[in-house]
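K.L.:
Handing you this structure, nothing more for now.
Here, each number is a calculation from the coordinates, and none is a lab measurement. On a predicted model such as this, the values are computed, not experimentally measured, just so you know. Here the Cβ positions follow ideal geometry from the backbone for every residue, glycine too, while neighbour counts run over all protein chains shown.
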Amino acid sequence: MCAIDIQPVIATERLVLRGLRLNDAGRIAELANDRDVARMLAAMPHPYTRDHADAFLARQGEGPGRNFAIEHPAEGLIGVAGFKRDDLGRPELGYWLGKPYWGCGFATEAAKGALGWAHKDWGKRAVMARHFSDNPASGEVLNKAGFLYTGEVTLAPSAARDALTPSRTMVWLA
Ligand SMILES: CC(C)(COP(=O)(O)OP(=O)(O)OC[C@H]1O[C@@H](n2cnc3c(N)ncnc32)[C@H](O)[C@@H]1OP(=O)(O)O)[C@@H](O)C(=O)NCCC(=O)NCCS
């Protein structure tokens with residue numbers, strides 16, 4: 001629990017990225033239990049239950065990854081952004097927003113905030129990201145946040161699809 005509480009707060013123009021809290025579980029379960037969200041992610045199961053959210057939050061602070069609640073001042077938690085390690089140990093950015101919050105530029109804003117933090121406060125000079133080839137919205141988010149397409153396409157798993165799906169590898173350099 002302490003490891004969660006000491007995570008930094010990142011302020012962007014309209015949002016705050018803060019450490020996750022155990023009491024975020026209800027809201028995360030509410031927003032994440034959506035096939036259109038889960039099918040674009042590697043590890044999110046569908047259906048997504050309160051037990052999944054509790055287990056996800058209980059794991060925070062373990063390992064080298066960092067996850068943040070994306071919080072809107074009027075709406076509360078609207079999604080999650082964070083970094084895990086890819087297969088080569090490099091930081092890899094991931095994010096999702098609840099569907100009511102799509103189309104407002106929030107993912108781009110959150111990604112830029114997280115990248116600024118990763119560079120300035122976490123000392124990272126390169127960050128990877130991957131998006132499924134059938135997810136052009138996420139490709140746009142990454143483009144707008146300053147990522148470049150590496151030309152590499154791999155088959156990556158999606159728990160919700162229970163299938164391997166072509167996935168484009170992107171890189172961001174500080
Ligand atoms: C992908 C996701 C994070 C985008 O969030 P968002 O806040 O709507 O994204 P933004 O508004 O910052 O930017 C989306 C951009 O994609 C564009 N876009 C949306 N749908 C598109 C499509 N089908 N084809 C091409 N571009 C598209 C938008 O026009 C926008 O670009 P613009 O600002 O230049 O107009 C959100 O839809 C989501 O959470 N999806 C499910 C989970 C997910 O895909 N996570 C990422 C996994 S790699």
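K.L.:
Could you identify which residue out of GLY19, GLY113, GLY105 has the top mean-square fluctuation in a GNM of the chain using Cα springs shorter than 10 Å?
P.N.:
So, out of GLY19, GLY113, GLY105, the one fluctuating most is GLY105.
K.L.:
To the nearest 20 debye, what is the magnitude of the charge dipole of the chain about its Cα centre, counting +1 on the Cβ of each Lys and Arg and -1 on the Cβ of each Asp and Glu? If you can, show how the numbers build up before the last one.
P.N.:
Working: 21 positive and 20 negative charges, 71 e Å.
It works out to roughly 340 debye.
K.L.:
Calculate the length of the line joining the C-alpha centroid of the range 40-88 to that of the range 93-143, in whole Å.
P.N.:
A separation of 13 Å, based on Cα centres.
K.L.:
Do you know the relative contact order of the range 96-174, to the nearest whole percent, from alpha carbon pairs under 8 angstrom that are 6+ apart?
P.N.:
33 percent
K.L.:
Checking the a/c ratio against 1.5 first, then a/b against b/c, what shape does the Cα gyration tensor give for the range 71-174?
P.N.:
On the way: a/c = 1.69, a/b = 1.12, b/c = 1.51.
Judged from the Cα gyration tensor, the range 71-174 comes out oblate (a/c at least 1.5, b/c at or above a/b).
K.L.:
While we're here: With the contact rule set at Cα under 8 Å and sequence spacing of 6 or more, what percent relative contact order holds for the chain?
P.N.:
Details: 319 pairs, mean separation 38.3, N = 174.
Relative contact order here is 22 percent.
K.L.:
Quick one: among ALA32, ALA114, ALA137, which has the greatest mean-square fluctuation in a GNM of the chain with alpha-carbon springs under 10 angstrom?
P.N.:
ALA137
K.L.:
Okay, next question. Let me have the 222 nm mean residue ellipticity of the chain computed from DSSP H runs of 4+ only, each contributing -39500 (n - 2.57), with the sum over all residues rounded to the nearest 500. The partial results should precede the final answer.
P.N.:
Values: 6 runs with 50 residues, N = 174.
Calculated mean residue ellipticity at 222 nm is -8000 deg cm²/dmol.
K.L.:
Now for a separate question. Using a Cα-Cα cut-off of under 29 Å, which lysines could be cross-linked to LYS120, ignoring same-chain neighbours fewer than 8 residues away?
P.N.:
The reachable lysines, counting only those whose Cα sits under 29 Å from LYS120, are LYS84, LYS112, LYS144.
K.L.:
Determine the sum of side-chain charges near ASP86: Lys and Arg each +1, Asp and Glu each -1, restricted to other residues whose C-beta is under 12 angstrom from that of ASP86.
P.N.:
On the way: positive: LYS84, ARG85, ARG90, ARG130; negative: ASP87, GLU92, GLU152.
It works out to a net charge of +1.
K.L.:
For the range 69-174, which trypsin sites (Lys or Arg not before Pro) are in a loop by DSSP, counting at most 12 other Cβ atoms within 10 Å?
P.N.:
Details: sites: LYS84, ARG85, LYS112, LYS120, LYS124, ARG125, ARG130, LYS144, ARG161, ARG168; in loops: LYS124, ARG125, ARG161.
Passing sites in the range 69-174 are ARG125.
K.L.:
Moving on. Using only Cα atoms, what is the ratio of the radius of gyration of the chain to 2.2 N^0.38 Å? All intermediate terms of the calculation are to be shown ahead of the outcome.
P.N.:
On the way: Rg = 14.9 Å, N = 174, 2.2 N^0.38 = 15.6 Å.
That works out to 0.96 for the chain.
K.L.:
What's the longest bit of the chain with no exposed GluC sites (Glu not before Pro), using DSSP loop states and at most 10 other Cβ atoms within 10 Å as the test?
P.N.:
Longest gap between qualifying sites, sites excluded: 63-174.
K.L.:
Give the residue from PHE147, ALA160, HIS131 lying farthest towards the positive end of the charge dipole for the range 106-174; charges sit on Cβ (+1 for Lys and Arg, -1 for Asp and Glu) and the dipole is referred to the Cα centre.
P.N.:
With unit charges placed on the Cβ atoms, the residue in question is PHE147.
K.L.:
Right, next: Would you work out which of VAL80, PHE68, ALA111 lies farthest towards the positive end of the dipole of the chain? Charges go on Cβ: Lys and Arg +1, Asp and Glu -1.
P.N.:
Of the candidates, ALA111 comes out farthest on the positive side.
K.L.:
Loop only by DSSP, 16 or fewer other Cβ within 10 Å of the Cβ. Give me the trypsin sites (Lys or Arg not before Pro) in the range 1-75 that pass, ordered by residue number. Please report the intermediate quantities before stating the final value.
P.N.:
Numbers: sites: ARG14, ARG18, ARG21, ARG27, ARG35, ARG39, ARG50, ARG59, ARG66; in loops: ARG14, ARG21, ARG39, ARG59.
Filter output for the range 1-75: ARG14, ARG21, ARG59.
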